[in-house]
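Working notes, structure below.
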Amino acid sequence: MAHGGPPVPVFINVNTSATGPMQTQGSEREQKKKRIIMMILLAILLMSVSMFLVPQKDTDTIVVTFPHGETIEAEVAETPEKLLFGLAFRDQLPPNTGMLYIFESNGLHRVRTKEFRFPVDMIWVDESHHVVHTVERASPCEKDPCPFFGPPPEAARYVLATEAGFIQRVGVANGDELKYFLRM
């Protein structure tokens with residue numbers, strides 16, 4: 001077998017694994033997908049953990065000042081849940097505190113004391129912060145049918161619920177102008 005020259009070596013690529021060029025590209029895509037999914041899961045985990053580590057402010061507090069200088073620290077009820085439940089299920093309302101219900105618009109708003117565990121005084125206030133109506137010692141109501149209190153004779157934007165006896169003790173009257181300050 002004379003060919004006239006030195007023998008030429010022949011290399012044959014025998015690939016016994018299933019990682020050909022197409023398999024390698026698919027494998028890289030799979031790895032990228034896994035990395036992206038892991039990054040997303042890690043981001044979700046970090047956001048979830050941060051919700052527990054960073055103190056959350058549940059509600060705002062408004063300091064309401066009355067004409068004679070008395071003040072109340074009022075928890076703000078402006079979400080649908082807070083407007084619906086308000087002071088329900090609470091055991092007490094400490095002195096000189098309350099809940100300020102803020103409605104989306106001026107109107108003839110009525111409120112109930114369903115599931116309240118103590119009586120309250122209620123003060124309806126218009127957009128210019130003037131008292132337009134009061135109810136003293138509104139009784140708590142354990143189950144339906146619970147009475148509605150209001151509506152006021154004039155449109156109101158706010159209802160301030162305070163401890164029972166506050167209206168009489170402070171001398172709150174229709175026409176009184178209240179001042180609101182947001183507690184930071």
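Only Cα pairs under 8 Å and at least 6 apart count here; give the relative contact order of region 61-183 as a rounded whole percent.
Contact order relative to length: 32 percent.
Determine the shape class of region 61-183: with a ≥ b ≥ c the square roots of the Cα gyration tensor eigenvalues, call it rounded for a/c under 1.5, and otherwise prolate if a/b is greater than b/c, oblate otherwise.
It comes out rounded by the Cα gyration axes.
Net charge within 15 Å of Gln168 by Cβ-Cβ distance, Lys/Arg positive one each and Asp/Glu negative one each, not counting Gln168 itself?
-3
Which order, highest average first, do 131-139, 115-123 follow once you tally other Cβ atoms within 10 Å for each residue and take the mean per peptide?
Highest-to-lowest ranking by the protection proxy: 115-123, 131-139.
Which order, highest average first, do 30-38, 105-113 follow once you tally other Cβ atoms within 10 Å for each residue and take the mean per peptide?
Ranked from most to least packed, the peptides come out as 105-113, 30-38.
Can you give me the Cα centroid spacing of region 66-108 and region 112-184 in angstrom?
8 Å
Of Val64, Val76, how do they rank once you tally other Cβ atoms within 10 Å and put the fewest first?
Listed from fewest to most nearby Cβ atoms, that is Val76, Val64.
Sorted by mean Cβ packing within 10 Å, highest first, what order do the peptides 145-155, 93-103 take?
Descending mean neighbour count gives 93-103, 145-155.
Taken together, the values in this text are just the output of simple stated rules run on the coordinates, not laboratory data. Nothing here was measured: the structure is a model prediction, and the numbers come from that model. Please note: Cβ atoms are built from the backbone with ideal geometry, for glycine as well, and neighbour counts cover all protein chains shown.
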